[in-house]
There are 2 protein chains.
Amino acid sequence: RSAQGKETMAERCAVQGREHDLRLLSTFAGALVAARGHAAQQCQASSPHSTPQRPGTSAPASPLTGPQTPPHSKHLSRRGNRIRQHQGILQEGYTQYHADKHGENNPNGIINMGTSENKLCHDLLHKRLSQPDMVQIQPPMLQYADWKGHRFLREEVARFLSHYCQSPSPLKADNVVVMNGCGSLFSAIAAALCDPEDAILIPTPFYGVITEDVGLYSSARLYHVHLSGEVSGICEPPFHLTVEKLEGALNRAKAEGVNVKAVILVNPHNPLGEIYSAEEMTSFLEFAKKHELHAIVDEIYMLSVFGERNSFCSVLSHDRLPDPQRTHVMWGLSKDFAMGGMRVGTLYSENRHLVEALDHLGYFHCVSGTTQHQVARLLQDRAWIDWEFLPENRRRLQEAHHYLTTELQGLGVPYLHRPVGFFVWADFSKYLRQPSFSEELELWRHFLRNRVVLSCGQAFSCSTPGWFRIVFADQESCLQLGQNLCFLSLAFCV
Amino acid sequence: RSAQGKETMAERCAVQGREHDLRLLSTFAGALVAARGHAAQQCQASSPHSTPQRPGTSAPASPLTGPQTPPHSKHLSRRGNRIRQHQGILQEGYTQYHADKHGENNPNGIINMGTSENKLCHDLLHKRLSQPDMVQIQPPMLQYADWKGHRFLREEVARFLSHYCQSPSPLKADNVVVMNGCGSLFSAIAAALCDPEDAILIPTPFYGVITEDVGLYSSARLYHVHLSGEVSGICEPPFHLTVEKLEGALNRAKAEGVNVKAVILVNPHNPLGEIYSAEEMTSFLEFAKKHELHAIVDEIYMLSVFGERNSFCSVLSHDRLPDPQRTHVMWGLSKDFAMGGMRVGTLYSENRHLVEALDHLGYFHCVSGTTQHQVARLLQDRAWIDWEFLPENRRRLQEAHHYLTTELQGLGVPYLHRPVGFFVWADFSKYLRQPSFSEELELWRHFLRNRVVLSCGQAFSCSTPGWFRIVFADQESCLQLGQNLCFLSLAFCV
């Protein structure tokens, strides 16, 4: 009976799916024709020379922010108004998404393939987190504790990182700081290393929210190291980072009078999926040392490499770091354990002064004692991690990645083939009438009208228009996106 | 056998306790003699006229911070150094406490009666939080969610506050913001309402950490409304707040060119234990309205009133607020549900602009999805709250309060008799050689040498020296403190 029930539900879903497809096809055809006309008008107005717009040192001014920016509030301070009025370039899409989410009860709702989340492993997590060891309530868990995280958790994180990062000697719990997510860590680190208006170097494209992470509370700003999507050499992939590019950007910053305090290095990279070799990372860290910059190394996707050959190498595995006092390594559970909602990020730093400053700010970013307990149990359970979660998670990521990349290949859409993370970085520039960011935004709006919210390159301060980050770590969305991509290509071929 | 085992353990504890007493008595006698000599020297040096030091608009410069302030770090920014070097006046005590905590394995360790925590009800909480409904893991709990808190929790908070605050009409979930503690709420509200260096009025004495809450990230400062411990009228208790005192302080602030944006009103008050009547609160809110100040009303102890006649009345119960757009009400689980380690604070505000600004900052202060679920279940369980937790919690608070106040009466130490919260505000000025804050600090150090860390008035910016906040919500500590107080009085009578 249960199996029968499931079959009936599966049939019903299939029928719903087909109806959905038909509705989409007809509405999309009309929307596209209208939109293409509008886009052509816009392009003429905003890009007379059809040259790519190069985003500046801050996020590019968005054509979306104008009409949607809330008016000045007399109740808030200037800062309060700035915070409230802050809008990411994709705000329009997420506002629509939150009002009309795709789901069981809303099969025609918007599918979110813009947020980098892994929704493939809820069953595994549900099973593990429902075990009785997860609800052992000890008095210290309910009491005020170390704002950097309970000692039991920091010890567990040190053991975990020592093992999975293959550190040459055991990492120390004293060097671990736990906060409610890596966004909070970025905010607190920016407050500790930068004075307001000081800058942090970051290669573009990059996960755009980091702009808010360092800017919203701490008023630090990012200085972009623009990497190009054009392939300049035979051996160099697009958007490849080199020390020369870092040096060039730092020189420009200095010439502009910008006070650069640090550099952010994300490995494996979001959205590029690039994995830097130990030699490359060392060269970047040598660059940081040479200029007395702090290196904030974000390794939050380190266990989400699903290729057969895993070339990832944590900087914590290096025998010798160029400047250990200025090297700070971030990791967290949001990506590798598919639980962004748990809000747990970790920092490893040998710099006592930084750790002490973060200790003071930790009060604003601390994690509930019961959650710290759950996370410690999870990290402790190596059998579950090594034999259940990681292999199955990688298998599912691999499968979803394969599904999406096959669709992209079928459409002849170039993409960076990198078996890591939850997303593919793909070049849709052939669908742009002109290589401009306003055309890119129009294409992004087309996807949105087609009920899929994605991330377009300009949200990541990409300097080459036409690139999109597509998150595939969701079976259903992946399937639907495949269909929508087909519709898109069909409609554009009309 | 189990009962026998318990008896043996109880006997062992009693023996240990007696041994502890004897050790304390002998070490304390010697320490006191040395300390008194030192104190006398200090008083001559720092208070030639023996007049009380009146703390300024910021926390009084502490004789403790000098030698202990860490040196400037070349790795941190000016702001980072300021954050790292920030030291509360009681830091010395807490540093010693954390290195040498009293506990089963360390019976001679330091007892913390400075931190306002309720440790009386762990058994009740343990039982409830271990129920199976606490570990229901749903997908949204592990995913990125509304940064203001999950809808299910905000709805539960709205229902809870409607009921326990006796609001005239149901409160709305849209007006609820959930963050990881009220400290985070203070920080985010200060960022939204104040520009750096803007000020917030606060009557003194007050829970001193609020200074860091609004200052550390948000660079807002507190402007003190000094209430005196001297009884000026027959009907007016010491430290009583009136509109006249608020007006006076606001005028002084304006004369000094200080830009005041808001006023903080704590009810029931910490550390005074005072409960303001509906009429008093209305008069304070009218004052705020008249001057276009935001009123941040902190009601975090609202359910911890254990007197037979509970006169507490939430501003959310008022039929009409003078300025609802500028009235923001804070509550949380740290005090009333004895779980500061869960890090859950709530705000209720009808001001959409403020709520939207907090939404943006909420990313840095959000609570794990699993904790939000646990809290929602707890708030939902009215049978447990009304028939198990609240009555038993109040009974135990009452009992511990009675124990401590009986000791104080025995010693002839005046205190404010208010059956609310976890602490008693007591006047030890008769033990000061001179009415100065350096003498108060010496007395605080005497308690610390006697293995008890307390809060002295200057940590709360109190303008009358000699007052201490003593936290009693811990059976064992209460007992031990009683003994230590006796030693103290004996030693002083030598």
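The values are calculated or read from the model by the stated rules, or taken from the named source; none is laboratory data. Just so you know, these numbers come straight off a predicted model, no measurement behind them. So basically every Cβ, Gly included, is an ideal-geometry build from the backbone, and we count neighbours across all protein chains shown.
Hey, among the residues in segment B:177-199 that are surrounded by fewer than 24 Cβ atoms within 10 Å (Cβ to Cβ) and touching a helix residue (DSSP H, G or I) at 6+ places or on another chain (Cβ under 9 Å), which one's farthest from the other protein chains (Cβ to nearest Cβ)?
B:A199
Does A:S314 fit the bill of being more than 11 Å from chain B (Cβ to nearest Cβ), touching a Phe, Trp or Tyr at 6+ places or on another chain (Cβ under 9 Å) and among the polar types (S, T, N, Q)?
Working: more than 11 Å from chain B (Cβ to nearest Cβ): yes; touching a Phe, Trp or Tyr at 6+ places or on another chain (Cβ under 9 Å): yes; among the polar types (S, T, N, Q): yes.
It is true that A:S314 is more than 11 Å from chain B (Cβ to nearest Cβ), touching a Phe, Trp or Tyr at 6+ places or on another chain (Cβ under 9 Å) and among the polar types (S, T, N, Q).
In segment B:88-130, what residues are among the small types (G, A, S), part of a loop (DSSP other than H, G, I, E, B) and within 20 Å of B:G340 (Cβ to Cβ)?
Quick first cut of segment B:88-130, residues among the small types (G, A, S) only: B:88, B:93, B:99, B:103, B:109, B:114, B:116, B:130.
Cutting the leftovers down to part of a loop (DSSP other than H, G, I, E, B) gives us B:88, B:109, B:114, B:116, B:130.
Listed by number, the residues that qualify are B:G88, B:G114, B:S116, B:S130.
Between a first residue in segment B:112-123 that is at negative phi and aliphatic (A, V, I, L, M) and a second residue that is at pLDDT 95 or above and in a loop (DSSP other than H, G, I, E, B), which pairs have beta carbons less than 8 Å apart while being 6 or more apart in sequence or on different chains?
B:L120/B:A338
Specify which of the listed residues (A:Q458, A:Q480, A:Q475, A:Q398) is farther than 23 Å from A:F312 by Cβ and surrounded by fewer than 18 Cβ atoms within 10 Å (Cβ to Cβ). Step through it out loud before you land on a result.
Values: A:Q458 fails: surrounded by fewer than 18 Cβ atoms within 10 Å (Cβ to Cβ); A:Q480 fails: surrounded by fewer than 18 Cβ atoms within 10 Å (Cβ to Cβ); A:Q398 fails: farther than 23 Å from A:F312 by Cβ.
After ruling out the rest, the residue left standing is A:Q475.
Taking only pairs six or more apart or across chains, which ones have beta-carbon atoms under 8 Å, a first residue in segment B:69-91 that is within 22 Å of A:P324 (Cβ to Cβ), and a second residue that is surrounded by fewer than 16 Cβ atoms within 10 Å (Cβ to Cβ)?
Within 8 Å, the pairs are B:N81/B:H72; B:R84/B:P70.
Going through A:S219, A:S311 one at a time, which residue ends up being of a type in the set (S, T, Y), surrounded by 15 or more Cβ atoms within 10 Å (Cβ to Cβ) and assigned by TED's automatic domain parsing to the domain that holds A:S169?
After applying the criteria, what remains is A:S219.
Considering A:L185, A:L153, which residue is in contact (Cβ under 8 Å) with a residue 24 or more places away in the chain and over 23 Å from B:H98 (Cα atoms)?
Of the residues listed, the single one that is in contact (Cβ under 8 Å) with a residue 24 or more places away in the chain and over 23 Å from B:H98 (Cα atoms) is A:L185.
For segment A:378-391, indicate whether the set of residues that are modelled with pLDDT under 95 and charged (D, E, K, R) is non-empty.
For segment A:378-391, residues modelled with pLDDT under 95 and charged (D, E, K, R): absent.
For the structure I just gave you, tell me whether B:G233 is of a type outside the set (D, E, K, R), at pLDDT 95 or above and either on the phi > 0 side of the Ramachandran plot or assigned by TED's automatic domain parsing to the domain that holds B:Q166 (or both).
no
Given the criterion closer than 27 Å to A:F460 by Cβ and either in contact with a Lys or Arg (Cβ under 7 Å, 6 or more places away or on another chain) or within 8 Å of another protein chain (Cβ to nearest Cβ) (or both), identify the matching residue among A:L125, A:L120. Break it down into steps so the answer makes sense when it comes.
Numbers: A:L125 fails: closer than 27 Å to A:F460 by Cβ.
Matching residue, one of A:L125, A:L120: A:L120.
I need the full set of residues from segment A:330-344 which are surrounded by fewer than 24 Cβ atoms within 10 Å (Cβ to Cβ) and touching a strand residue (DSSP E or B) at 6+ places or on another chain (Cβ under 6 Å), in order please.
The one that is surrounded by fewer than 24 Cβ atoms within 10 Å (Cβ to Cβ) and touching a strand residue (DSSP E or B) at 6+ places or on another chain (Cβ under 6 Å): A:M330.
What residue, among those in segment A:148-166 that are part of a loop (DSSP other than H, G, I, E, B) and either among the β-branched types (V, I, T) or touching a strand residue (DSSP E or B) at 6+ places or on another chain (Cβ under 9 Å) (or both), is farthest from the other protein chains (Cβ to nearest Cβ)? Explain how you work it out, then say what you get.
Filtering segment A:148-166 down to residues part of a loop (DSSP other than H, G, I, E, B) leaves A:148-150, A:165-166.
Next cut, either among the β-branched types (V, I, T) or touching a strand residue (DSSP E or B) at 6+ places or on another chain (Cβ under 9 Å) (or both) only: A:148-150, A:165.
Details: A:K148: 12, A:G149: 12, A:H150: 9, A:C165: 23 Å.
Among those residues, the one meeting the criterion is A:C165.
Across segment B:136-145, which residue is surrounded by the most Cβ atoms within 10 Å (Cβ to Cβ) among those that are over 31 Å from the mean Cα position of the chain (by Cα) and part of a helix (DSSP H, G or I)?
Looking at the filtered set, the residue picked out is B:L142.
Only one residue in A:L201, A:L142, A:L222 is more than 26 Å from A:H240 (Cα to Cα), of a type in the set (A, V, I, L, M, F, W, C) and either in contact with a Gly (Cβ under 8 Å, 6 or more places away or on another chain) or touching a residue at least 60 places away in the same chain (Cβ under 8 Å) (or both), so which one is that?
The unique qualifying residue is A:L142.
Within the group A:R159, A:R154, which residue is of a type in the set (K, R), buried (at least 21 other Cβ atoms within 10 Å of the Cβ) and either modelled with pLDDT of 95 or more or out of contact with any Gly (no Cβ under 7 Å at 6 or more places or on another chain) (or both)?
Among A:R159, A:R154, only A:R154 is of a type in the set (K, R), buried (at least 21 other Cβ atoms within 10 Å of the Cβ) and either modelled with pLDDT of 95 or more or out of contact with any Gly (no Cβ under 7 Å at 6 or more places or on another chain) (or both).
How about segment A:345-374: which of its residues are within 7 Å of chain B (Cβ to nearest Cβ), buried (at least 24 other Cβ atoms within 10 Å of the Cβ) and under 27 Å from A:L293 (Cα atoms)?
Once the filter is applied, which keeps residues that are within 7 Å of chain B (Cβ to nearest Cβ), buried (at least 24 other Cβ atoms within 10 Å of the Cβ) and under 27 Å from A:L293 (Cα atoms), segment A:345-374 yields A:L354, A:A357, A:L361, A:F364, A:H365.
Exactly one of these conditions fails for A:D174: (1) outside any loop (DSSP other than H, G, I, E, B); (2) within 13 Å of chain B (Cβ to nearest Cβ); (3) out of contact with any strand residue (DSSP E or B) (no Cβ under 6 Å at 6 or more places or on another chain). Give me its number.
For A:D174, the failing item is (2).
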